[in-house]
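Asker: Here it is, the structure in full.
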């Protein structure tokens, strides 16, 4: 095609930033859409999203509609005459008429290997489920929740020590790579082939709730260790340990047989605090006391002993 691609970008959190930079390298950014400013921090002051901050720093026009379902929103997008709308963790539903506005439709970067883990929290859910691998998909958006055909994808193994935080960062960069590949093809008049998602293997990554962070010691140590990793850095797993409520930042499962009541402390040492689970033992290695900071268990035990 002649001339640069005219692209509208829609995204909100940090996950979208590598993709925003990729768009800037491959086309002309007509506008950046992001969620309205929200209260953030202890003072609950109104704060711009990471995507908005990046757009302002680069002089790209910013739009923050509360909804895209109005005629006004649809007309505003049409006036930009976009070739493509790229959506990455935007957070608003795109109605059919919005999807049909850009010349090449709307592309979405999604952090899972579709159709597995459609929905809001694919990174956390894939760790929680114990998946061996995940990845990113570049999807042609359609009506329905993450149901559109896949244009390109890349996979990555999930390491035994991956947290939602570490996997988030890796997938954000991988998503930008997949998006770059798609934009390169489109710029060369070779549109990526749209492959419909399979009807089997569909699963939904429901939004993470803070209430899920409370660990149930009746569950197996393997399940709880996955939850600790999946809930890091938010909302952070928590549980009662020896009469004290702790937030648990790092832990690992141990295949140790026991007859103790789940939740009982089996051992405390500089290596960790061992807690009896429904099956096996969970060794806590980095914890946080109420009102304190995250610390290695050795520091936690020193603090406890100093109070006795």
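Asker: For the range 232-306 and the range 82-106, write down the distance between their C-alpha centroids in whole Å.
Answerer: Cα centres, the range 232-306 to the range 82-106: 46 Å.
Asker: Moving on to the next point. Mind checking the full-extension length gain between residue 240 and residue 177? Use 0.36 nm per residue of separation minus the Cα-Cα distance, one decimal, nm.
Answerer: Full-extension gain reported as 18.4 nm.
Asker: How far apart, in nm, are two points set 7 Å out from the Cα along the Cα-to-Cβ line at residue 191 and at residue 267?
Answerer: That separation, rounded to one decimal, is 6.2 nm.
Asker: Two decimals is fine: what's Rg over Rh for the chain, C-alpha atoms, Kirkwood radius as Rh?
Answerer: For the chain, the value is 1.06.
Asker: Quick check on the exposure proxy: order 137, 106 from fewest to most C-beta atoms within 10 angstrom.
Answerer: Ranking 137, 106 by Cβ neighbours within 10 Å, fewest first, gives 106, 137.
Asker: Which order do 141, 268 fall in if you start with the one that has the fewest other Cβ atoms within 10 Å?
Answerer: Placing the least packed residue first, the sequence is 268, 141.
Asker: For the chain, what's the relative contact order in percent, using C-alpha pairs closer than 8 Å and at least 6 residues apart?
Answerer: Relative contact order comes out at 13 percent.
Asker: Next question, about the same structure. Given bins 5 angstrom wide, list per bin the percent of all Cα-Cα distances in the range 210-306, short to long.
Answerer: P(r) for the range 210-306, in whole percents per bin: 3, 15, 28, 28, 18, 7, 1.
Asker: Report the residue, chosen from 279, 199, 216, that carries the largest GNM mean-square fluctuation when the chain is represented by alpha-carbon nodes joined by springs under 10 Å.
Answerer: 199
Asker: Give the calculated FRET efficiency between residue 47 and residue 120 to the nearest 0.05, with a Förster radius of 35 Å applied to their Cβ-Cβ distance.
Answerer: Step by step, r from the Cβ atoms, then E = 0.95.
Asker: For the range 76-215, what ratio Rg/Rh do Cα atoms give with a Kirkwood hydrodynamic radius?
Answerer: Using only Cα positions, Rg/Rh for the range 76-215 is 0.99.
Asker: Quick one: what Rg and Dmax do you get for the range 28-103 from the alpha carbons, in Å?
Answerer: Cα radius of gyration and Dmax of the range 28-103 are 13.3, 43 Å respectively.
Asker: For the residues 72, 212, what sequence is obtained by ranking on other C-beta atoms within 10 Å, fewest first?
Answerer: Placing the least packed residue first, the sequence is 72, 212.
Asker: Let me ask you something else. Label residue 155 and residue 104 with points 7 Å out from Cα along Cα→Cβ: what is the distance between them in nm?
Answerer: A separation of 2.7 nm, rounded to one decimal place.
Asker: Another question, if that's okay. Taking a quarter of the surface of the Cα convex hull of the range 179-251, what do you get in nm²?
Answerer: The orientation-averaged projected area of the Cα hull of the range 179-251 comes to 8.1 nm².
No lab work stands behind these numbers, since they all come straight from the coordinates. Note that this is a predicted model, so its numbers are computed, not measured. FYI the Cβ positions are ideal-geometry reconstructions off the backbone, even for glycines, and counts take in every protein chain you see.
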